[in-house]
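The values are calculated or read from the model by the stated rules, or taken from the named source; none is laboratory data. None of the values given here were measured: they were computed from a predicted structure. When we count neighbours, we look across all protein chains shown, and the Cβ atoms used for this are built from the backbone with ideal geometry, even at glycine. Calculation scope for accessible area: heavy atoms of the full protein, side chains included, ligands and nucleic acids excluded. Shrake-Rupley method; radii C 1.70, N 1.55, O 1.52, S 1.80 Å.
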Amino acid sequence: MYCSREKENWYINEMIDKLKDDAIKNEELFDCLNSKNFNIVGLSIYKIIDRKFCDKNIIKALTKIAAMLSGYKIAGPYQLGHLAIAALFLVGDKSALEYFNQLSENLNDNDKYLVDNLIKGMQANGEKGV
């Protein structure tokens with residue numbers, strides 16, 4: 001019988017594999033955004049961008065994640081919050097773009113620069129994150 005730690009590790013590995021293998025359903029992406037595992041959150045944001053999947057729940061979750069601008073590093077100076085804000089722009093949804101604009105107005109110059117670089121880099125690479 002598995003202990004709860006083993007179940008949690010199995011779940012994390014299962015979700016990461018599903019995200020990397022593109023075997024995850026759109027409906028599961030919202031749950032991934034609410035994961036306590038930041039690898040799952042980051043990979044799910046990339047998958048949302050890649051699929052341009054967006055609804056009100058995704059927008060709400062990305063807006064919440066957008067506040068994670070320090071202490072949630074994904075690579076170099078980039079934080080989960082930067083990726084979430086960039087995602088709101090890259091999904092190509094009118095409502096998401098409104099939230100992107102609101103969030104961008106309140107960013108300091110460094111955070112604006114980082115979000116802009118993420119957007120440019122992902123557009124140059126065809127928005128493939130995973």
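On the stretch given as region 19-47, residues that are of a type in the set (D, E) and in contact (Cβ under 8 Å) with a residue 24 or more places away in the chain total 1. Restricting S70, S4, S35 to those that are within 19 Å of D116 (Cα to Cα) and surrounded by fewer than 21 Cβ atoms within 10 Å (Cβ to Cβ) reduces the list to S70. Scanning region 57-78 for residues that are part of a helix (DSSP H, G or I), touching a helix residue (DSSP H, G or I) at 6+ places or on another chain (Cβ under 7 Å) and more than 20 Å from K18 (Cβ to Cβ) yields a total of 2.
Residue by residue through region 80-115, note down the ones that are closer than 20 Å to L29 by Cβ and not in a helix (DSSP H, G or I). Residues satisfying the conditions are V91, G92, D93. Taken over region 12-32, the criterion of being open to solvent by 100 Å² or more (accessible area, probe 1.4 Å) and in a helix (DSSP H, G or I) is satisfied by K20, E27. Among the residues of region 65-92, write down those that are of a type in the set (S, T, N, Q) and modelled with pLDDT under 95. Correct list: S70 only.
How many of the residues in region 100-130 are touching a Lys or Arg at 6+ places or on another chain (Cβ under 9 Å) and either closer than 16 Å to K47 by Cα or among the aromatic types (F, W, Y) (or both)? First the steps, then the outcome.
Initial filter on region 100-130 (touching a Lys or Arg at 6+ places or on another chain (Cβ under 9 Å)): 104, 122, 127, 129-130.
Cutting the leftovers down to either closer than 16 Å to K47 by Cα or among the aromatic types (F, W, Y) (or both) gives us 122, 127, 129-130.
Residues in region 100-130 being touching a Lys or Arg at 6+ places or on another chain (Cβ under 9 Å) and either closer than 16 Å to K47 by Cα or among the aromatic types (F, W, Y) (or both): 4 in total.
Number of residues in region 38-62 that are under 10 Å from the mean Cα position of the chain (by Cα) and open to solvent by less than 50 Å² (accessible area, probe 1.4 Å) equals 12. Which residues, counting only those in region 73-111, are loosely packed, with under 12 Cβ neighbours inside 10 Å and either of a type in the set (S, T, N, Q) or under 23 Å from S35 (Cβ atoms) (or both)? Within region 73-111, A75, G76, N101, N106, N108, N110 meet the criteria.
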